[in-house]
1. Evaluate the charge dipole of segment 6-123 about its Cα centre and quote only its size in Debye, nearest 20, assuming +1 on the Cβ of each Lys and Arg and -1 on the Cβ of each Asp and Glu.
2. Under the rule of -39500 (n - 2.57) per DSSP H run of 4 or more residues, summed and divided by the residues of the chain, what mean residue ellipticity at 222 nm is obtained, to the nearest 500 deg cm²/dmol?
3. How large is ³J(HN,Hα) for each residue in segment 68-78, as worked out from phi by the Karplus curve 6.51 cos²θ - 1.76 cosθ + 1.60 (θ = phi - 60°), to whole Hz, x for Gly and Pro?
4. Which ³J(HN,Hα) values, rounded to whole Hz and listed in residue order, are derived for segment 92-98 from phi using the Karplus coefficients 6.51, -1.76 and 1.60 in 6.51 cos²θ - 1.76 cosθ + 1.60 with θ = phi - 60°, glycine and proline given as x?
5. Calculate how steeply helix 42-53 sits against the longest principal axis of the alpha-carbon atoms of the chain, using the helix alpha-carbon long axis, and give the answer as 0 to 90 degrees to the nearest 10.
6. What ratio of Cα Rg to 2.2 N^0.38 Å holds for the chain?
Amino acid sequence: MITKWYDIFLDDKIIGTTELEKADVPMGVIFGQIHFINIVSGYDFFRKYCLENELAYYYPEDKLISTRTIKNLVVRNEHGVEIKGLGNQISGVDGDEFEITLEGVAYPFFEEEFPHHVKAYNSQFKES
């Protein structure tokens, strides 16, 4: 399978990329690990942003953060098309990984953009 990369923007500035390698197909949810660009600490970066905008739950002792929907968080495919959903959130722990989640991506766009996830989901119901 060919890997597709998606660019992640916050306030129109690229902050990282993701493969959006996981999905909950029936719910129109897509998510994946963030590969940050020029960000040393995902926790510190998002904590600062979210404190200014009151958008997160954070746990300093573990450097864990889980955001609510961030309106200015945008994911675009290789053609510059935004992957629109009902909400885009970030969660993660420094020293581990951070993940972006896009909830409520509408059909038929979901199926067109992520046919491999739909195929994998549907194949679990086919008889051998």
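Each value in this text was obtained by applying a stated rule to the coordinates, not by laboratory testing. Bear in mind the structure is a predicted one, so any value in this text is a computation, not a measurement. Cβ sites come from the backbone with ideal geometry, for glycine too, and all protein chains shown count toward neighbours.
1. 180
2. Result for the chain, helices only: -5500 deg cm²/dmol.
3. Taking θ as phi minus 60°, the curve returns 7, 4, 10, 4, 8, 9, 10, 10, 10, 7, 5 Hz for segment 68-78.
4. x, 10, 4, x, 10, 9, 10
5. The two axes meet at around 80 degrees.
6. 1.10
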